[in-house]
Amino acid sequence: MALIQTEDLSVYYGRQRGVHGLNLSVEASEVYGFLGPNGAGKTTTLRVLMDIIRPTAGRASIFGLDCQREGVRIRQRIGYLPGELALFPNLRAETYFQMVNTIRGDPTSQGRVRTLCDRLGLDPTRPMGTYSHGNKQKVGLVAAFMGQPDLLILDEPTTSLDPLVQQTVLELVREARDDGRTVFFSSHVLSEVQAVCDRVGIIRAGQIIVTERVKDLLQRQFHRLRLRFANMPPAGAFESLGAQELQRTGDTLTIEIHENLNQVLALAVHYGILDLEDQPTTLEDTFLAYYGENKAGRHA
Amino acid sequence: MIGWTIALCFFGTVYILLYPSLPAEFREINPQALALLQSIGMQTFATFEGWVLATEFNVLPLITSLCGLFMGIQALAAEEDDGTLELLASQPIPRAGLILSKTAALMIALLAAVVTAGLAAVLVFTSLQIETQVTAGDLFRVILSHWMIGFVMMTFSLFLGAYLPTRNSAMVAGLGYLLLSFFGENLAGMAPVLDDYRFLFVFSYFKRVVAMLTGEVAWGDISLLLGAGIFFLALAVISFQQRNLTVKAWPWQRPKIG
């Protein structure tokens, strides 16, 4: 049985859509990346799982327990990092950690708090109102990880962090998975999803449009090349190699290729290439390139 | 909370301190001749009890109820607006437990403030050795009774915070009722048309409670105030249990929860 399961989950705020008919399944001991643009319904989904928002229709369960009826039992086993993290400004971080430990009845995690603070570079003795955005995010991360919960629900965990600390967070996620714990995190950053996720689901307009294994996706990743020529090749010159022309302006040609990179580059040299730029593609681009928006509901 | 306690101590003692320095002529004025003053509760300045009932115990209930109102708004509506409520709601605590534990903490804080104000008043009263039939115990008991009106306004504002979408909407509704109730009760003596609405004003009931300084204990009004506080607390718990947090929606914009 899936660790996290939603069935036809819908949340509406008046006429405004949060999520609509969302079916999600996260297995135990995996890292599941939840990707989507702003307003797609990521945070709404996470808040339903935490019973902060109640579904309009459908149901959500974690550990086989209903998120609404048995929220307390569920939350006992979850570490949660909210997307819009707000902290008590007058409280010192160490006091906040003690408060969370007391609520959870876990006095043994003080040692882990120290280790986590050291790894993330956080001074927990200061009032939280004096912290930068990055340090506030670290407080949220320590609070989420310190109890070694069975499930971590992290909403954009690397937001506001510098690159080194982002790497530490990804290490923590990997360590959690290696310990047999499950991580469900929302993100819009391709590199971190590639780095740590086993599976990834794309949410768009309140619905999961596809779920895939990251390793399968990586094999399908494509290149979007911007080529500048001395002599512009004729239209369709690269089509025989499977490339698709996206744009042709002046001396510049933009193409998308999924295979035959060597042959495409050789042909470009033949036409007198002056400059080449490999434009970054997102995981969402990869998804949409393969499945398109109309091929919703595919799951791996 | 320290600020509110200081305010309570100030208004709880300043009128007692002023009493001995009132000019004899002023003390001898009998405001019963002045219908206007009489209508707002100023029966006489000739006695200490008349003086404090007309002044201190007109202002102190307003301060205490404002304190209760702001505490209740801060505990729920403001925390939701600030986002810190999401942190608490994501902990393994039932929602009813969350709101009840906050209420318990606020009740104790309010009690501490009122007790401090009462002790300060008693200290000033005994040091001035005022000639009156009122004892220090009577004075302390009446100041302590202010906890009740603070409790009612606190649970009322907790309910508003749980029911309405934002801190501002809860504050406007709570403050609006408080001022309407305060001025409504004070003006009712002058404008008989307001008499029919006095049952809506929390200060009407509390005025009879404060009158125990010189008369009988108004057990009926005390029970009613405590009952109202518990009623609003129950409404707050029910509203908080049912609503979506972090969603600033008016009740009619909220989804029917499946």
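The values are calculated or read from the model by the stated rules, or taken from the named source; none is laboratory data. If you're wondering where the values come from, they're calculated on a predicted model, not measured in any experiment. Cβ coordinates were reconstructed from backbone atoms using ideal geometry, including for glycine residues, and neighbour counts include every protein chain displayed. Protein only, heavy atoms only, side chains kept; ligands, DNA and RNA dropped before computing areas. Shrake-Rupley method; radii C 1.70, N 1.55, O 1.52, S 1.80 Å.
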message = Pick from A:264, A:193, A:210 the residue whose mean-square fluctuation is largest in a GNM of chain A, springs joining Cα atoms under 10 Å.
response = A:264
query = So how far apart, in nm, are the two label points at residue A:258 and residue B:250 if each is 7 Å from Cα heading toward Cβ?
reply = 5.1 nm
key: Interface size A-B, as summed buried accessible area [1.4 Å probe, Å², nearest 100]   = 2200 Å²
request  = Return the Cα extents of chain B along principal axes one, two and three, sorted largest first, each rounded to a whole Å.
outcome  = 70, 42, 29
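Between the DSSP loop rule and a limit of at most 12 other Cβ atoms within 10 Å, which GluC sites (Glu not before Pro) in segment A:61-160 are left? Before the final figure, lay out each step's value.
Values: sites: A:70, A:84, A:94; in loops: A:70, A:84.
Qualifying residues, ordered by number: A:84.
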ask   = Quick one, what does Rg over Rh come out to for the protein assembly as shown if you take C-alpha atoms and the Kirkwood Rh?
value = 1.16
request  = Using a 1.4 Å probe on the heavy atoms of the protein chains only, list every residue of segment B:46-94 that has 50 Å² or more less accessible area in the complete assembly than in its chain alone.
outcome  = B:84, B:86, B:87, B:90, B:91, B:92
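Residues of the protein assembly as shown: accessible area per residue at 1.4 Å, in Å²? Mind dumping the intermediate values first?
Details: 24760 Å² over 558 residues.
It amounts to 44 Å² per residue over the protein assembly as shown.
Based on the Cβ-Cβ distance from residue B:129 to residue B:197, what FRET efficiency comes out when R0 is 41 Å, to the nearest 0.05? Write down the numbers at each step before the final one.
Values: r = 43 Å, r/R0 = 1.05.
Computed FRET efficiency for residue B:129 and residue B:197: 0.45.
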note = For chain B, the longest principal axis of the Cα atoms and the Cα long axis of helix B:2-18 enclose an angle in degrees, to the nearest 10, of 10 degrees
request  = Under a 10 Å cutoff between Cα atoms, tell me which one of B:60, B:87, B:179 has the largest fluctuation in the Gaussian network model of chain B.
outcome  = B:87
request  = Measure off, as a whole percent, the carbon and sulfur share of the 1.4 Å-probe accessible area of the protein assembly as shown, all protein chains present.
outcome  = 57 percent
message = Can you tell me the orientation of helix B:136-163 relative to chain B, as the angle in degrees between its alpha-carbon axis and the longest Cα principal axis, to the nearest 10?
response = 30 degrees
ask   = Counting Lys +1, Arg +1, Asp -1, Glu -1, what net charge surrounds residue A:230 among other residues with beta carbon under 14 Å of its beta carbon?
value = -1
request  = Springs between alpha-carbon atoms under 10 Å, Gaussian network over chain A: tell me which of A:117, A:67, A:197 tops the mean-square fluctuations.
outcome  = A:117
remark   = Farthest towards the positive end of the dipole of chain A, among A:107, A:131, A:209 and with Cβ unit charges of +1 on Lys and Arg and -1 on Asp and Glu, lies the Cα of A:107
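Which value in deg cm²/dmol, rounded to the nearest 500, describes the helix-derived mean residue ellipticity at 222 nm for chain B, given -39,500 (n - 2.57) per DSSP H run of n ≥ 4 and division by the residue count?
Numbers: 12 runs with 179 residues, N = 258.
Rounded to the nearest 500, it is -22500 deg cm²/dmol.
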request  = State, to one decimal in nm, how far the label point of residue B:234 lies from the label point of residue A:275, with both points 7 Å from Cα in the Cβ direction.
outcome  = 7.5 nm
inquiry  = Once R0 is set to 22 Å, what does the formula 1/(1 + (r/R0)^6) return for the Cβ-Cβ distance between residue B:179 and residue B:10, expressed as a FRET efficiency to the nearest 0.05?
reply    = 0.60
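Which longest run of chain B has no exposed loop site in it, a site being GluC sites (Glu not before Pro) in a DSSP loop with at most 15 other beta carbons within 10 Å, and the site itself not part of the run? Show your work: numbers first, answer last.
Details: sites that count: B:131, B:216.
Result, exposed sites excluded: B:1-130.
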